[in-house]
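Student: Supplied in structure tokens, the structure appears directly below.
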Amino acid sequence: MSTQASPASGAAESAPSPGVPAMTSDRWEKWGDRLNPLVVKEVRQGLRTRVFWVCFGLLLAACLVLSLIAFGNTHASTYTREGRTYFYSFFVCLALVHFGVIPFNAYRSLAREREDETWSLLLLTGLGPRRILGGKVASFLVQAALYASAVGPFLLFSYFLNGIDLPTILMVLLMGGAWLVFLTLVSVCAATLADSRMGRAAVRLGLVGVLVVTFFQTLTFTFVVTQERGSGFSFDRDFFLGLGAAFWLLVSDGWLAFETAVSRLSLVTEDYTRHPRRALVVQVLLTFVGMTAVWWFLDKDDDIPGVMGILGGLHLIFASLFMATDVDGQSRPLRAGTRVWSLFKPGALRGFRLSVLLLLGWAAGCAVLLRLSDDSTGGLRMAMSMVSLALYGVLYLSVALLLGRMPRSGRFASPVSVRLLFILAGTIGAGAPPLLAVFLDLEGRDELLNLLNPVLGTLNFGRYDYSDPSGLKMPPELLLCVALAALLAAFAADRVLAERERRAHQQ
């Protein structure tokens, strides 16, 4: 008896559905294979929850009540201009879900996987951390789209009440969508920051506080935009440049947060730092190129590199605090391909070197733009202030690494401990000199006393001195002293990290 399948049975198994061409069926099967199965699972699970249906029902009920109120108020009048008021009311209803419920549920979904120790079961599916996190984020964005589809007709209804135009509605919805994606990605990343129960409780409390504060800030921004620009849309160059910068910040930082979350959940044997560090470098390069283009388009306005330079420096200091406090050493499979220039490889040593290069490179580039746009004392003062901010970041990051990882004991060598030491060192450096000036009966902003103060030192280098003919409150020689102290501390921290990595590889 032959075991080979008969042609009839094989044809019956491979035959497409009636009315569906074979090519179309194969195409749908390929798309089905490419689709992340976790998206379907998470969406089905989310639609079965009581939270979704309660929020969906209350959202529809609130929008319906507002619509009836709008109909009753405008029915007697032939011409009204209440569109902006009702648009803002509908947007508040949607914002409660988009900027509160969705991000927090995304955080709870991943945090519950780690608390219940079911994350390892998800990894056994072979999807990997990237596809798992992408599936979770996509599933909550699908739920957000369902909420938006319910409120969308009501938002469009406000346009017919007059008082608000379509470009303003589209602009608010575009920025709101970017803000929703950013908050969801940040919430997912926050779920990976802590491993202990106490740490998770602290992260949860901090996330709730951030979501509450940003919710009211978002409503304030939306109110200002709808009230000032709702009735008559006009092109304001400065406003739209700021809006474009904010949109790019949300997109690039969201990408960086997602890559950071993936690296936090990857195995130690993987090259887990390559993607987040590459994302940071790409963000810095594209931001500098865009800033230079806008600076050139606006006839070399020195406010562009001045403001963006300070904000970019603070952003890089915050990112470096996580990048330079990685664990010491790396797994054995990664050591063979690691060279001196392999700054994307795991390890605190390479993270610290990349942080120093990015901070100094960003400050130098912005300082060059300032000097090209303004050859007077004002450009020099702003350039010195920007460079001093980067040097203070390098100095206090090096001090934190020296305090935490110079001793042979590992009590303060963990990444969390080094970050706390950085905050402690920065607080002492910013608060001790003014306090000392009070006891010594000196001025609270004495230049030499606050030379290593990260706050007043940065401000002093950018201040104008009317009593000095040069107009500089802090001469360039003092900036060289700060640079010398920062570079010496960075060299010492580099040697300490190199020694700790050598000992970690010998064990």
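The values are calculated or read from the model by the stated rules, or taken from the named source; none is laboratory data. It should be emphasised that the depicted structure is a prediction, and the values quoted were computed from it without experimental measurement. FYI the Cβ positions are ideal-geometry reconstructions off the backbone, even for glycines, and counts take in every protein chain you see. Surface areas here come from the heavy atoms of the whole protein model, side chains and all, with no ligands, DNA or RNA. Shrake-Rupley method; radii C 1.70, N 1.55, O 1.52, S 1.80 Å.
Student: Any chance segment 475-495 includes a residue that's modelled with pLDDT of 80 or more, closer than 15 Å to Tyr396 by Cα and in a loop (DSSP other than H, G, I, E, B)?
Tutor: no
Student: Any residue that is open to solvent by 30 Å² or more (accessible area, probe 1.4 Å), in contact with a Gly (Cβ under 9 Å, 6 or more places away or on another chain) and not charged (D, E, K, R) - is there at least one of those in segment 119-138?
Tutor: yes
Student: Which is modelled with pLDDT of 85 or more, open to solvent by 10 Å² or more (accessible area, probe 1.4 Å) and not acidic (Asp, Glu), of Tyr88, Tyr159?
Tutor: Sole residue among the options that is modelled with pLDDT of 85 or more, open to solvent by 10 Å² or more (accessible area, probe 1.4 Å) and not acidic (Asp, Glu): Tyr88.
Student: Check off (1) closer than 21 Å to Val172 by Cβ; (2) open to solvent by 10 Å² or more (accessible area, probe 1.4 Å); (3) modelled with pLDDT of 90 or more for Phe99 and give me the number that stays unchecked.
Tutor: All conditions pass for Phe99, except number (2).
Student: Just name the residue that is farthest from Gly309 (Cα to Cα) out of those in segment 321-361 that are assigned to a helix (DSSP H, G or I) and out of contact with any Ser or Thr (no Cβ under 9 Å at 6 or more places or on another chain).
Tutor: The selected residue is Arg335.
Student: If you check Leu185, Leu180, Leu174, which single one turns out to be surrounded by fewer than 17 Cβ atoms within 10 Å (Cβ to Cβ), in a helix (DSSP H, G or I) and modelled with pLDDT of 85 or more?
Tutor: Only one candidate passes the filter, namely Leu174.
Student: If you don't mind, another one. Whether any residue in segment 331-340 is within 22 Å of the chain's Cα centre (by Cα), open to solvent by 20 Å² or more (accessible area, probe 1.4 Å) and in contact (Cβ under 8 Å) with a residue 12 or more places away in the chain is what I want to check.
Tutor: No, segment 331-340 contains no residue that is within 22 Å of the chain's Cα centre (by Cα), open to solvent by 20 Å² or more (accessible area, probe 1.4 Å) and in contact (Cβ under 8 Å) with a residue 12 or more places away in the chain.
Student: For the subset of segment 292-303 comprising residues that are assigned to a helix (DSSP H, G or I) and in contact (Cβ under 8 Å) with a residue 40 or more places away in the chain, which member is least open to solvent (accessible area, probe 1.4 Å)?
Tutor: That would be Trp295.
Student: Could you tell me which of the residues Ala257, Ala190, Ala245 is touching a residue at least 12 places away in the same chain (Cβ under 8 Å) and either open to solvent by 20 Å² or more (accessible area, probe 1.4 Å) or touching a strand residue (DSSP E or B) at 6+ places or on another chain (Cβ under 7 Å) (or both)?
Tutor: Of the residues listed, the single one that is touching a residue at least 12 places away in the same chain (Cβ under 8 Å) and either open to solvent by 20 Å² or more (accessible area, probe 1.4 Å) or touching a strand residue (DSSP E or B) at 6+ places or on another chain (Cβ under 7 Å) (or both) is Ala245.
Student: Another one. Checking Gly163 against (1) within 15 Å of Leu96 (Cα to Cα); (2) in contact with a Ser or Thr (Cβ under 6 Å, 6 or more places away or on another chain), only one condition comes out false. Which one?
Tutor: (1)
Student: Then there is this: Going by what's in this entry, would Val284 be described as without any contact (Cβ under 8 Å) to a residue 60 or more places away in the chain and surrounded by 14 or more Cβ atoms within 10 Å (Cβ to Cβ)?
Tutor: It is false that Val284 is without any contact (Cβ under 8 Å) to a residue 60 or more places away in the chain and surrounded by 14 or more Cβ atoms within 10 Å (Cβ to Cβ).
Student: Further question on the same structure: I'd like the full set of residues that are crowded, with 24+ Cβ neighbours inside 10 Å and among the aliphatic types (A, V, I, L, M), limited to segment 346-357.
Tutor: Scanning segment 346-357 gives Ala348, Leu349.
Student: Would you check if there is a residue in segment 432-442 being in a loop (DSSP other than H, G, I, E, B), surrounded by 14 or more Cβ atoms within 10 Å (Cβ to Cβ) and modelled with pLDDT under 90?
Tutor: Yes, segment 432-442 contains at least one residue that is in a loop (DSSP other than H, G, I, E, B), surrounded by 14 or more Cβ atoms within 10 Å (Cβ to Cβ) and modelled with pLDDT under 90.
Student: While we're here: Working carefully through the options Val262, Val282, find the one that is within 15 Å of Ser355 (Cα to Cα), at pLDDT 85 or above and of a type in the set (A, V, I, L, M, F, W, C).
Tutor: Unique residue meeting the criteria: Val282.
Student: Now for a separate question. Kindly provide the set of residues from segment 358-414 that are crowded, with 24+ Cβ neighbours inside 10 Å and among the polar types (S, T, N, Q), ordered by number.
Tutor: If the condition is that a residue be crowded, with 24+ Cβ neighbours inside 10 Å and among the polar types (S, T, N, Q), then Ser385, Ser388, Ser398 are the ones that fit.
Student: Of the residues Ser398, Ser388, which is under 30 Å from Arg335 (Cβ atoms), outside any loop (DSSP other than H, G, I, E, B) and of a type in the set (S, T, N, Q)?
Tutor: Within the list Ser398, Ser388, the selection yields Ser398.
Student: Among the residues of segment 453-462, is there at least one that is of a type in the set (Ser, Thr, Tyr), more than 29 Å from the chain's Cα centre (by Cα) and either modelled with pLDDT of 85 or more or over 23 Å from Gly361 (Cα atoms) (or both)?
Tutor: No, segment 453-462 contains no residue that is of a type in the set (Ser, Thr, Tyr), more than 29 Å from the chain's Cα centre (by Cα) and either modelled with pLDDT of 85 or more or over 23 Å from Gly361 (Cα atoms) (or both).
Student: Which of the numbered conditions does Leu420 fail, given that it passes all the others? Conditions: (1) without any contact (Cβ under 8 Å) to a residue 24 or more places away in the chain; (2) over 27 Å from the mean Cα position of the chain (by Cα).
Tutor: Tallying (1) without any contact (Cβ under 8 Å) to a residue 24 or more places away in the chain; (2) over 27 Å from the mean Cα position of the chain (by Cα), Leu420 fails exactly one: (2).
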